[in-house]
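Heads up: the structure comes next, in structure tokens.
Rule-based calculations on the coordinates, nothing more; no lab input. Everything quoted here is computed from the prediction, not taken from an experiment. As a convention, Cβ positions derive from the backbone with ideal geometry for all residues, glycine included, and neighbour counts pool all protein chains shown.
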Amino acid sequence: MERRFPLSKTVTIGAGIALMLVVMTLVFVRLLSEVLLPEPVAVPDVVNQEQSAARAVLVDAGFRMVIKAEPSMTIQPGRVTRTDPAAGTTFTRGAPITLVISTGPQH
């Protein structure tokens, strides 16, 4: 004997499955968008901080680091003269930030 479900029960089960698939799809798209399209973040101001402290602040903000050295008449050696992009600029989380470190006055 063949067992059959009433039409109303079949429709209810089908609607429940469809709703579950829609919710799962929305959750998946939301998670995927956060990974593929990270939210922009303002670059923190780390000028005149020691290199290690500035690096920690930028890494905590979600950025990767590129270190560059250049002479400075006003900033002590080993401290940050500037970042590229500049502090306050909105930039993509996970993107590289150039941290420019003073080598002291040029001789």
- Note on the structure: Within the chain, excluding any trypsin sites (Lys or Arg not before Pro) found in a DSSP loop (not H, G, I, E or B) and having at most 16 other Cβ atoms within 10 Å, the longest uninterrupted segment runs 5-92
- Task: Would you mind giving the average projected area, over all directions, of the Cα convex hull of the range 40-102 in nm² with one decimal?
- Result: 3.4
- Message: Using the alpha carbons of the chain, what is the convex hull volume per residue in cubic angstrom, as a whole number?
- Response: 113
- 222 nm [θ] for the chain, helices only, -39500 (n - 2.57) per DSSP H run of 4+, per residue, to 500? -13000 deg cm²/dmol
- Message: Let me spell out the model: positive unit charges on the Cβ of Lys and Arg, negative unit charges on the Cβ of Asp and Glu, origin at the Cα centre of the chain. What dipole size does that give, in debye rounded to 20?
- Response: 480
- Item | Helix 7-36 axis, angle to the chain major axis (alpha carbon atoms, nearest 10°) | 10
- From the phi of every residue in the range 99-107, what ³J(HN,Hα) in whole Hz does the Karplus formula 6.51 cos²θ - 1.76 cosθ + 1.60 yield, where θ is phi - 60° and glycine or proline is x? 9, 9, 10, 6, 9, x, x, 6, 9
- Task: Could you list which residues have their amide H under 5 Å from that of Val41, counting only those 5 or more apart in sequence or on another chain, with H placed in the peptide plane?
- Result: Phe91, Thr92, Arg93
- If you average the sequence gap of Cα pairs under 8 Å that are 6 or more apart and divide by the length of the range 10-92, what percent do you get for the contact order? 39
